[in-house]
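All remarks here apply to the structure that follows.
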Amino acid sequence: MSIVTVQLGQCGNQIGFEVFDTLFSDSHSSQGLCSKRENEAYRASCKERFFNEEENGVPIARAVLVDMEPKVINQTLSKAAQSGRWKYGQHAYFCQKQGSGNNWAYGYSVHGPRHEESIMNLIQKEVEKCDSLSGFFIIMSMAGGTGSGIGAFVTQNLQDQYAHSLKMNQIIWPYGTGEVIVQNYNSILTLSHLYRSSDALLVHENDAVHKICAKLMNIKQISFSDINQVLAHQLGSVFQPVYCAEGSFHYRRNPLGDLMENLVPHPEFKMLGVRNIPQMSENSLAYSTFTWAGLLKHLRQMLISHAKMEEGIDWQVRPPLSGLPPLGKMPLNKELHFNTSIANLVILRGKDVQSADLEGFKDPALYTSWLHPIHALNVWKTQRAFSKYEKSASLVSNSQFLVKPLDMIVGKAWNMFASKAYLHQYTKFGIEEEDFLDSFTLLEQVVASYYNL
């Protein structure tokens, strides 16, 4: 089954390019550490998901590119074409001459409705090229104007027009220090609208990815391109093909459906985060060896101590003893030391993958009381190695990891809203105070639900 990717705004288009490039490079890599037949099946499965065939043999990404300014789209199209390995469809993009000026309301209320027909037609053409549609993968930022405003608008339209297809939004959480004065407003409006129309939100925090670039990749001058490559590596490690079941050599057919089924057991909880291990520069990789026991021990501790990478993990954090009632609820401003999960998906790729022992992830203390670990934990495996790593593990987790960042963004937006700062920029494009209040109510409920797991 195929996934149609919708890339929105500067951020969405730049990340989208890196994601397709990573998927293509990995599936055509000769370092897969598996048999030729297995490698061909892996490549075919990746292609069915993400690429169309073209007459002259160059695969075409199953993607629609949307931005309100032409510059980034032109760069993205030409970068893909220049690679000579894959490209975007000739007419699979929509751009205009004037952006949204970081104003969510302008993207959502002006650009969205004005260009709805053109954008939805492009998406429909892409859908028609799929033999069977697994769903939509929508890449966008949360804090700007075009990606977030039009992104929320387009997701809503997809929900209306393709009610039975799954929608996963990959959203970029802004830097805590802020790039845009109104980023907290834009963020709460984006999140609250997506919460109503998307099936799952896969969240990457800029601050966390920045740290990975600095600490693990040893990059001195970090560019957006570096950050996007780390993101693309993490997404590729989740979306590349894996086997259906233990001992099976057939690849899963419905990537989005399988992800959602395993990770979103209740519509109140749809925030997902990704961690992967190892992640390092090529220079370091040459001198490193890994065991499944070591990788999984680190990954489990990253999960429970809420660490985004394997460096600087807090090894003091322990799961609460199973069966003992918690000693009252802590107030929200206290540190959440232990990260409780609703559901986890562990994806293992590489050598001797069958020997990996996942008992540590089956501990009921890791999970909320209303889901048994049998239902809360899923494991996917393939012997086909990913990227340049002989062994690698990824964890997609529906857990409390966003409680603090979400609470902070809602708090900052509320402080601005209480003093009516910058509201006129939104009300003049039809986003009223009532809409803000609805957003606050919905997100405070989300925070409370996750907090009380």
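Among the residues of the stretch 29-68, those identified as surrounded by 15 or more Cβ atoms within 10 Å (Cβ to Cβ) and assigned to a loop (DSSP other than H, G, I, E, B) are 29, 32, 33, 34, 58, 59, 62, 68. May I ask you to verify whether residue 357 is touching a Phe, Trp or Tyr at 6+ places or on another chain (Cβ under 8 Å), among the acidic types (Asp, Glu) and surrounded by fewer than 15 Cβ atoms within 10 Å (Cβ to Cβ)? The answer is yes for residue 357.
Please work out if residue 439 is among the polar types (S, T, N, Q), assigned to a helix (DSSP H, G or I) and closer than 25 Å to residue 378 by Cβ. Considered against the rule, which asks whether it is among the polar types (S, T, N, Q), assigned to a helix (DSSP H, G or I) and closer than 25 Å to residue 378 by Cβ, residue 439 comes out as no. Open to solvent by less than 10 Å² (accessible area, probe 1.4 Å), aliphatic (A, V, I, L, M) and not in a helix (DSSP H, G or I), is that true of residue 6? Answer is yes for this residue. Does residue 396 count as of a type in the set (Val, Ile, Thr), open to solvent by 10 Å² or more (accessible area, probe 1.4 Å) and in contact with a strand residue (DSSP E or B) (Cβ under 9 Å, 6 or more places away or on another chain)? Judged against the criteria, residue 396 is not a match.
Scanning the stretch 200-210 turns up no residue that is over 16 Å from the mean Cα position of the chain (by Cα) and open to solvent by less than 40 Å² (accessible area, probe 1.4 Å). Among the residues of the stretch 289-304, the ones that are within 15 Å of residue 275 (Cβ to Cβ) and open to solvent by 20 Å² or more (accessible area, probe 1.4 Å) come to 3 in all.
With respect to (1) in contact with an Asp or Glu (Cβ under 9 Å, 6 or more places away or on another chain); (2) farther than 19 Å from residue 69 by Cα; (3) open to solvent by 10 Å² or more (accessible area, probe 1.4 Å), the lone exception for residue 167 is condition (3). For residue 197, the conditions (1) in contact (Cβ under 8 Å) with a residue 40 or more places away in the chain; (2) farther than 30 Å from residue 45 by Cα all hold with the exception of (2).
Within the stretch 200-213, at least one residue is part of a helix (DSSP H, G or I) and basic (Lys, Arg).
Of all residues in the stretch 346-353, one or more are in a loop (DSSP other than H, G, I, E, B) and either of a type in the set (D, E, K, R) or modelled with pLDDT of 90 or more (or both). All of (1) open to solvent by 10 Å² or more (accessible area, probe 1.4 Å); (2) modelled with pLDDT under 95 hold for residue 196 with one exception: (2).
The values are calculated or read from the model by the stated rules, or taken from the named source; none is laboratory data. No experiment lies behind these values; they were computed from the predicted model shown. Cβ coordinates were reconstructed from backbone atoms using ideal geometry, including for glycine residues, and neighbour counts include every protein chain displayed. Note: areas computed on protein heavy atoms with side chains; ligands, DNA, RNA excluded. Shrake-Rupley method; radii C 1.70, N 1.55, O 1.52, S 1.80 Å.
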